[in-house]
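First comes the structure, then the notes that go with it.
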Amino acid sequence: MGARYLAGLTAATLLTACEVTQEQEVALGDQTAQEVRAALPIVDDPYIAAYITELGDTIAKLTSRSDLDWRFSVVNSHQVNAFALPGGHVYVNRGLIEATGQMYELAGVLGHEIGHVIQRHSVKQMQSQQKLGVAATLACTLTDICNNELGQAAINIGGTAVVARHSRHDEFQADSEAVENVLRAKIDPAGIPVLFETLMEQRQTQPTVVDGWFASHPLEETRVANSRELIEAAGADRIGGLLQDIPSYQEFKRRVARLPEPVVPRAAPQTR
């Protein structure tokens, strides 16, 4: 049997279950991660890979799902976006890293994507859309790969029926999780609204670069205000003296900026 058929069979089996177990969720995420790696230009530079992993683990290992085998990767795409797969795979495009000014902004993104995994948003969405019989791929649901310059080569990832973009409710939950996630790691959650505002400004000047983010992460002024309210609600005693930036983050950004220009991958051959 071909890998694409197996991916579809695995996903369909999991989605028809009454309750998806953590073991099944991890299996689905692992399968999809293999196909994402085959289709998208994952950065293998040791320094960059180690840095994103260390920052991600610093946050994820303090959450309610610290038992997951979390994996963090950078995608060599100038599109501003990030996404997470079921079971703990988190991806951040270089374009989003380049859009940040300080470490606490990227930490907020990681905390947000970790929040989607904690809340099992993708699994719930996939089960819901499976019942409706809506046809789209898992990767199209969790990323913008069907809509950007890398996407046309990766449309055949996965094989299950799902629909792209998170709901505003899911985004609010993930924002709430993000605030708590970075606070536990002693990182200032103010980086969350700071990055939101940066992306909203970039949408006016570079819409094609940030449209992928807005397609999969609904963002408007009310969400920026909500994130600030969540931070205020955390209490002044928890906010003071938290990390915003460290020298190594600026070196990390320089390394990312020196990456080769993205190469559009060829679509993996379909097997039957």
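Quick look at the numbers
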item: Of residues in segment 89-103 being over 18 Å from Glu201 (Cα atoms), buried (at least 24 other Cβ atoms within 10 Å of the Cβ) and not polar (S, T, N, Q), the one farthest from the chain's Cα centre (by Cα); result: His89
item: Verdict on Gln204 being modelled with pLDDT under 55 and either part of a helix (DSSP H, G or I) or in contact with a Lys or Arg (Cβ under 8 Å, 6 or more places away or on another chain) (or both); result: no
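The values are calculated or read from the model by the stated rules, or taken from the named source; none is laboratory data. Note that the structure is predicted; figures quoted are calculated from it, not measured. Every residue, glycine among them, receives a Cβ derived from its backbone with ideal geometry; neighbour counts consider all protein chains shown.
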